[in-house]
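Novice: A single structure is presented below for examination.
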Amino acid sequence: MNEKLYWVGFNLVKGIGAVRLRALNEHFGDLAQAWEATPSQLRDTGLSSKIVENIVQMRSSVNLENYYEKILSKGIVVITSQEDNYPNRLKEIDQPPPVIYVRGDLIADDFWAVAIVGTRRVTAYGRQVTDELASYLAQNGVTVISGMARGVDAIAHQAAIKAGGRTIAVLGSGVDRIYPPEHRSLSDQIINQGAVISDYAPGTPPDSSNFPPRNRIISGLSMAVVVIEAAETSGALITASFAGDQGRDVFAVPGNILAPQSKGTNRLIQQGAHPLLSGRDLLDTLNLTRVNEQRVVRHAIPVDATEAKVLDVLGREPLHVDEIRSQTGLAIESVSAALVMMELKGMVQQVGGMNYVAVREEQSEYLVNKL
């Protein structure tokens, strides 16, 4: 039987998250054995009687094969955290969701992604900034990620689509339960130019308790999070907090100090977030000014073994070409040729005096993993 069935089965059980699922997998060797385990065997893993009861109840009420076939019949793709097509950035976060459900397509180029989030009660100023920023990012080959909520989220998705770019919506419900309902047409457009995803099982209704946890996925998929407008208690600030914990850059758009929608963003800036004054500022900070050109070169000329060795020794601290040669054991001619090509691809940067740094360590790791 398909192993994914059991990932989906445990995903349906209340109280089973990433940590407990990993423990079950390790204890039983695979999730099929865990699913068939007796209550006593399940309690031996440290699960509480209530969670064991939840598992037993779910096993008796759901036919996994039928449920899984129903998921597939809706055009939903199931991806587990152990699969190669699971998003690389999401794997980096603490306790990545064990299962994600996808309508549309996640592609390798979504590695270059920025989240845009903000208030549902967007002002004319916030609307204009969101539209211009999302359009600019999409035109420069950056995937726009948001939560498909009313206000800033929806505007960001719509602008990216209109600009011909990619966009990803992360839901706080099943991917077959679109919320708000008036965004069903928008969700169809997103699916055509990106993906709608969730870690909640299909059929899960939208619930207020679902949305804060899903925000960690929005930030987890992104290089950076931009908060356009946010009140002091906005959910967008939760996303920004997750981003900080995950080591992502946080940007905030300055606003009128008297406007409620700007109190949260201005506070973020006071606490150290990058003030966002233009889309170009964002691309410069993230070194994304030539994503489209670099993507073309990278697809045309994949990373080879020599480049992988050079990337392996480079980090954020400058390293002289002679030291690179020494650490890699490669001929100086090979190192020099590789560095020229890698600069063209945007993988390394010369910082003067024949010293080089990796542009961003996480990009380097991603490229090496694609070999």
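Novice: When only Cα pairs under 8 Å and 6 or more residues apart are kept, what is the percent relative contact order across the stretch 196-277? Kindly include the intermediate steps, with their values, before the conclusion.
Specialist: Details: 122 pairs, mean separation 22.0, N = 82.
The normalised contact order for the stretch 196-277 reaches 27 percent.
Novice: Moving to a separate point now. When a/c reaches 1.5 or more, the comparison of a/b and b/c decides; with that in mind, is the stretch 39-149 rounded, prolate or oblate per its Cα gyration tensor?
Specialist: Working: a/c = 2.38, a/b = 2.15, b/c = 1.11.
Judged from the Cα gyration tensor, the stretch 39-149 comes out prolate (a/c at least 1.5, a/b above b/c).
Novice: Quick check for me: using +1 on Lys/Arg Cβ and -1 on Asp/Glu Cβ, what's the dipole size of the stretch 15-103 about its Cα centre, in debye to the nearest 20?
Specialist: Details: 10 positive and 11 negative charges, 70 e Å.
Once rounded to the nearest 20, the dipole reads 340 debye.
Novice: Another question, then. Please give every one of the lysines within straight-line cross-link reach of residue 70, meaning a C-alpha to C-alpha distance under 17 Å, and leave out same-chain neighbours fewer than 8 residues apart.
Specialist: Counting by Cα, and skipping residues close in sequence, residue 70 has these lysines nearby: 4.
Novice: Mean residue ellipticity at 222 nm from the helices of the chain, using -39,500 (n - 2.57) per DSSP H segment of n ≥ 4 over the full residue count, to the nearest 500 deg cm²/dmol? Don't skip to the end; give the middle numbers.
Specialist: Values: 19 runs with 184 residues, N = 371.
Value at 222 nm, helices only, nearest 500: -14500 deg cm²/dmol.
Novice: Name the most mobile residue of 40, 241, 262, meaning the one with the largest mean-square fluctuation, in a Gaussian network model of the chain with Cα contacts below 10 Å.
Specialist: Evaluated over the chain, the most mobile residue of the options is 40.
Novice: Shifting gears a bit: Could you please report the charge total around residue 130, scoring K, R as +1 and D, E as -1 over all other residues with beta-carbon less than 10 angstrom from its beta-carbon? Kindly include the intermediate steps, with their values, before the conclusion.
Specialist: On the way: positive: 127; negative: 131, 132, 153, 229.
Taking every other residue near residue 130 into account, the sum is -3.
Novice: What do you get for Rg/Rh over the chain if you use C-alpha atoms and the Kirkwood form of Rh? Show your work: numbers first, answer last.
Specialist: Values: Rg = 22.4 Å, Rh = 22.1 Å.
My calculation of the ratio gives 1.01.
Where a number appears in this text, it was derived from the coordinates with a stated rule and is not lab data. The structure displayed is predicted, hence computed values, not measured ones. Reconstructed Cβ throughout: ideal geometry from the backbone, glycine too, with neighbour counts over all protein chains shown.
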